[in-house]
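Working notes, structure below.
The values are calculated or read from the model by the stated rules, or taken from the named source; none is laboratory data. Nothing here was measured: the structure is a model prediction, and the numbers come from that model. Remember, those area values only see protein heavy atoms, side chains included, never the ligands or the DNA or RNA. Shrake-Rupley method; radii C 1.70, N 1.55, O 1.52, S 1.80 Å.
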Amino acid sequence: MFENLKKAFSSFVEKIRMTQLSEKDIERFIEEFKLQLISSDVAVEVVEKLGEKLREELSELRFRRFTEPTMQVKEIMNKLIDEVLPPEGLIEKVLDKIEEKKKQGEPFIILFVGPNGGGKTTTVAKIAWFFKNKGYSSIIAASDTFRAGAIEQIRKLGEIVKVKVVSQKYGADPAAVALDAVMSARSDRIPLVLIDTAGRTEVDINLLEEMKKIKKVVKPDLVIYVGDALIGNLAVEQAKKFDEYVGIDYVVLAKLDADAKGGAAISISYITGKPLLFIGIGQGIGDIQLFNKKLIKQILIPN
Ligand SMILES: Nc1nc2c(ncn2[C@@H]2O[C@H](COP(=O)(O)OP(=O)(O)OP(=O)(O)O)[C@@H](O)[C@H]2O)c(=O)[nH]1
Ligand SMILES: [Mg+2]
């Protein structure tokens, strides 16, 4: 996870720590750093932004003089990460909203959208587990009534996390399944409804229209795009498209454990304006982690 980015950051820190840097050296190191970021799948726009910030910070540092290179370079790396990653406290905001709805006697509804095979269904179960551990039970709507095996898959996951799964037959209207789940949550006083949906590609306008319909009917409190970290920059582009057509609030990137590059996680919030809330780090129910700057700083900034 994040191996390539980690290498890019640590090799830059190593180089810049050396004393007596000429302006030319610095320029060269910045260019090398940018290239490494690009090859780690960080989006070009983000790489340019980081390069600019780095240049600005380093020239200021040269002016003030390099007295404690290690500390100063780490400080710069911290600033770089702050520049492109979302602010802290995202999950607290979501928990507050859930609590608010709970007080009104209404379930909080989260709709999950994303491409085929991106990791939606697994993520729905992981998130049910996450919230369960925070004291909020949920009901899952099996609104992927399209892909063969989808209903069985979510039912099985529901058994593992011990969460009720509301389903109908294959071919049923996904919005109707979701509404069933909402009704069930109301009568059982369950605070959360998590809606799994069929995967669709961002170029399939008909399926995106259907997604819009589900959203219109169900009126979710949040829409979460679940993308596949392994496809790198494409996941960023895809999230943008889903946002344009359907409207999303947050992003989850699955399969970070299998991705040595990690660049999509760095770019996606900045480019889409939709914060990355969780990352998937394995196939197990507990393999989900809250994404935040602190985590990334710990991983990327060398000791
Ligand atoms: N290594 C790893 N595998 C994951 C992760 N999340 C999901 N997967 C695997 O990716 C595959 C697809 O996951 P699903 O959750 O079925 O994806 P989906 O988006 O629901 O797929 P469709 O319903 O077909 O659109 C499964 O084999 C999952 O076990 C993750 O964080 N890490
Ligand atoms: Mg699925």
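For the reader, a short list of remarks on this structure follows.
- Surface composition of the chain: carbon and sulfur make up 51 percent of the accessible area, probe 1.4 Å.
- Under 5 Å between amide hydrogens, built in the peptide plane, is the criterion, and for V193 it picks out F108, I109, I110, I139 among residues at least 5 positions away or on other chains.
- Computed helical MRE - 222 nm, the chain, DSSP H runs ≥ 4 contributing -39500 (n - 2.57), nearest 500: -18000 deg cm²/dmol
- Nearby aspartates and glutamates by direct alpha-carbon distance to K164 (threshold 17 angstrom, same-chain neighbours under 8 apart not counted): D144, E152, D180, D188, D196
- On Cα atoms only, tilt of 90-103 relative to the major axis of the chain in degrees: 20
- Taking every alpha-carbon pair under 8 Å whose residues sit at least 6 apart, the chain reaches a relative contact order of 26 percent.
- Accessible surface for the chain, divided over its residues, is 46 Å² per residue with a 1.4 Å probe.
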